[in-house]
1. Return a yes/no flag: does the stretch 48-59 have any residue that is in a loop (DSSP other than H, G, I, E, B), touching a strand residue (DSSP E or B) at 6+ places or on another chain (Cβ under 6 Å) and on the phi > 0 side of the Ramachandran plot.
2. Can you pull out every residue in the stretch 15-32 that is at pLDDT 95 or above, part of a helix (DSSP H, G or I) and surrounded by fewer than 23 Cβ atoms within 10 Å (Cβ to Cβ)?
3. Identify, please: which residue in the stretch 110-165 is outside any helix (DSSP H, G or I) and crowded, with 21+ Cβ neighbours inside 10 Å and is, among those, farthest from the chain's Cα centre (by Cα)?
4. Test residue 252 against the stated conditions and say whether it is over 14 Å from the mean Cα position of the chain (by Cα) and either modelled with pLDDT of 95 or more or closer than 30 Å to residue 4 by Cβ (or both).
5. Do we find a residue being within 19 Å of the chain's Cα centre (by Cα), surrounded by fewer than 20 Cβ atoms within 10 Å (Cβ to Cβ), in contact (Cβ under 8 Å) with a residue 12 or more places away in the chain and not in a loop (DSSP other than H, G, I, E, B) anywhere in the stretch 70-81?
6. Being within 23 Å of residue 219 (Cα to Cα), in contact with a helix residue (DSSP H, G or I) (Cβ under 7 Å, 6 or more places away or on another chain) and assigned to a strand (DSSP E or B): is that true of residue 35 here?
């Protein structure tokens, strides 16, 4: 039996990688799901798809309205949409446009969507929000510092929002993944294996050894999705304002 029967969930960035896995886990747990991204692509997973660009000023409000209309309300919101601009020459080469792209895509997208969704949760008596952060917030890379900074701000915002809406029975938590083997990383590992004349498993182990991950493997989208599904379930009813790092032990505890 699922733990979310009848729950109504909205998942952004939901057509691939972590977002698609989250949509599947929530659906398997009994939730009705709306999945959103800029385009559907080849997504064939569960849920009702809504095209939206949450990095724009109006996109989150339009998405929230359409999702609520389809579901009859929103009990669960998973903010997974993000933007990562990589500038090989480092932070001093980043333009204002680079910074604004990642701030809009990785921070303000969540702020605006929460602003559109939370009043409905409060009116309905409660709800659950999970923001997908990144351990880049604590291990920033020079080529993607705007993204890391946006995710660091998302962590602070998540805690502040949790403090504000907890008394209205709305829980807010952050999930911060480390190295997750999405399709992009899989392609990179295949390239490394070809260049080294070795197999994919060997390339994966060597890659993770370089990162110093104690579990010596990348995480999977399902690893993250299982954690998200727990956090939005009644089993986590006393968890709010927390940051759940899921990175194979890479980050120090403090």
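The values are calculated or read from the model by the stated rules, or taken from the named source; none is laboratory data. Because the structure is a prediction, the values reported are computed rather than measured. No Cβ is skipped: glycine too gets one built from the backbone with ideal geometry, and neighbour counts run over all protein chains shown.
1. Start the filter on the stretch 48-59 by keeping residues that are in a loop (DSSP other than H, G, I, E, B), which leaves 52-58.
Add one more test, that the residue is touching a strand residue (DSSP E or B) at 6+ places or on another chain (Cβ under 6 Å), and what stays is 52, 54.
Going one step further and asking which of them are on the phi > 0 side of the Ramachandran plot, we end up with none.
Looking through the stretch 48-59, none of the residues is in a loop (DSSP other than H, G, I, E, B), touching a strand residue (DSSP E or B) at 6+ places or on another chain (Cβ under 6 Å) and on the phi > 0 side of the Ramachandran plot.
2. 24, 27, 28
3. Only one residue tops the list, namely 127.
4. On the way: over 14 Å from the mean Cα position of the chain (by Cα): yes; either modelled with pLDDT of 95 or more or closer than 30 Å to residue 4 by Cβ (or both): no.
No, not satisfied.
5. So far as the stretch 70-81 goes, no, none of its residues is within 19 Å of the chain's Cα centre (by Cα), surrounded by fewer than 20 Cβ atoms within 10 Å (Cβ to Cβ), in contact (Cβ under 8 Å) with a residue 12 or more places away in the chain and not in a loop (DSSP other than H, G, I, E, B).
6. Here the answer is yes, as residue 35 does meet what is asked.
Rundown of residues vs (1) loosely packed, with under 14 Cβ neighbours inside 10 Å; (2) assigned to a loop (DSSP other than H, G, I, E, B); (3) at positive phi, yes/no style:
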site: 173; (1), (2), (3): no, no, no
site: 185; (1), (2), (3): no, no, no
site: 195; (1), (2), (3): yes, no, no
site: 201; (1), (2), (3): yes, no, no
site: 204; (1), (2), (3): no, no, no
site: 208; (1), (2), (3): no, no, no
site: 213; (1), (2), (3): no, yes, no
site: 226; (1), (2), (3): no, no, no
site: 230; (1), (2), (3): no, no, no
